[in-house]
Amino acid sequence: MARVALVTGGTRGIGAAISAGLKDAGCTVAATYAGNDTAAEAFKAETGIAVYKWDVGDFEACKNGIARVEEDLGPVDILVNNAGITRDGTLHRMTPENWRDVITTNLDSIFNMTRNVIEGMRERGFGRVISIASVNGQKGQIGQANYAAAKSGLFGFTKSVAQENAAKGITVNAVAPGYIATEMVRAVPEEIIKSKILPNIPVGRLGEPEEVARCVTFLASDEAGFITGSTLTANGGQYMT
């Protein structure tokens with residue numbers, strides 16, 4: 001799979017696993033990050049993957065950042081929209097800032113990034129756009145009205161853009177992970193994981209970042225060319241669609 005892949009939020013957690021998985025599949029990979037320079041440089045040193053820093057919630061920053069990537073590595077064939085944040089709180093306590101921050105980073109970024117690669121993909125007659133959603137975007141979650149709304153929005157975006165670009169050799173899909181053993185989830189007290197989270201996952205364990213990465217790598221491949229407008233769920237049976 002000798003193509004250029006761009007992964008947002010691609011230096012930590014699920015994003016790092018996706019970046020590494022695409023590199024292992026033969027892609028030339030660029031990984032973006034927002035603010036953790038130390039983690040990004042460590043990831044670059046460990047993997048040899050190029051890293052780029054910009055705010056995916058800013059349209060002009062995405063436009064300029066993608067231009068740098070394409071100047072350095074070549075046209076982007078595969079876009080993985082992975083970057084995301086949480087600002088949890090029940091709606092009656094949620095601030096407008098916490099609503100807007102999550103919508104901007106988790107949903108507006110999908111437009112900002114995809115809009116800036118889609119024309120090139122159409123001209124070249126090939127593209128893969130894969131957005132990382134969440135089980136909580138499918139079923140909802142207490143304290144995450146902002147996060148669930150943003151992730152749910154990915155599904156409508158995915159289906160619409162898939163229809164618009166199918167005839168141009170571009171597939172557009174989503175992956176909806178459940179609880180994955182990332183640094184963020186591991187920070188939850190072990191007793192909460194054992195008593196509240198694992199009992200709701202039929203396979204009885206957390207997922208691994210590499211399991212999500214394998215979903216993305218498949219959807220990015222030539223072999224997945226007949227799959228578009230779909231959501232691949234990777235949640236251990238927690239929520240079945």
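Scanning the stretch 124-171 for residues that are in contact with a Pro (Cβ under 9 Å, 6 or more places away or on another chain) and part of a helix (DSSP H, G or I) yields a count of 2. Anything in the stretch 97-150 that is without any contact (Cβ under 8 Å) to a residue 60 or more places away in the chain and of a type in the set (D, E, K, R)? List them, or say none. Selection gives 97, 100, 101, 108, 115, 119, 122, 123, 124.
Limited to the stretch 1-18, what total is found for residues that are closer than 12 Å to residue 43 by Cβ and of a type in the set (Ser, Thr, Tyr)? Summing the residues that are closer than 12 Å to residue 43 by Cβ and of a type in the set (Ser, Thr, Tyr) in the stretch 1-18 gives 1. Scanning the stretch 66-96 for residues that are charged (D, E, K, R), over 15 Å from residue 120 (Cα atoms) and free of Cβ contacts under 8 Å to residues at least 60 places away in the same chain returns 72, 88, 93. Can you find even one residue in the stretch 163-172 that is surrounded by fewer than 20 Cβ atoms within 10 Å (Cβ to Cβ), farther than 17 Å from residue 79 by Cβ, touching a residue at least 60 places away in the same chain (Cβ under 8 Å) and touching a helix residue (DSSP H, G or I) at 6+ places or on another chain (Cβ under 8 Å)? No; the residues of the stretch 163-172 include none that is surrounded by fewer than 20 Cβ atoms within 10 Å (Cβ to Cβ), farther than 17 Å from residue 79 by Cβ, touching a residue at least 60 places away in the same chain (Cβ under 8 Å) and touching a helix residue (DSSP H, G or I) at 6+ places or on another chain (Cβ under 8 Å).
The single condition from (1) part of a helix (DSSP H, G or I); (2) within 17 Å of the chain's Cα centre (by Cα); (3) buried (at least 18 other Cβ atoms within 10 Å of the Cβ) that residue 69 fails is (2).
Being closer than 19 Å to residue 102 by Cα and either of a type in the set (S, T, N, Q) or modelled with pLDDT of 95 or more (or both) is true of residue 150. Listed conditions (1) touching a residue at least 12 places away in the same chain (Cβ under 8 Å); (2) not in a helix (DSSP H, G or I) are all met by residue 210, apart from (2).
The values are calculated or read from the model by the stated rules, or taken from the named source; none is laboratory data. Everything quoted here is computed from the prediction, not taken from an experiment. Glycine also receives a Cβ, built like all others from the backbone with ideal geometry; neighbour counts cover every protein chain displayed.
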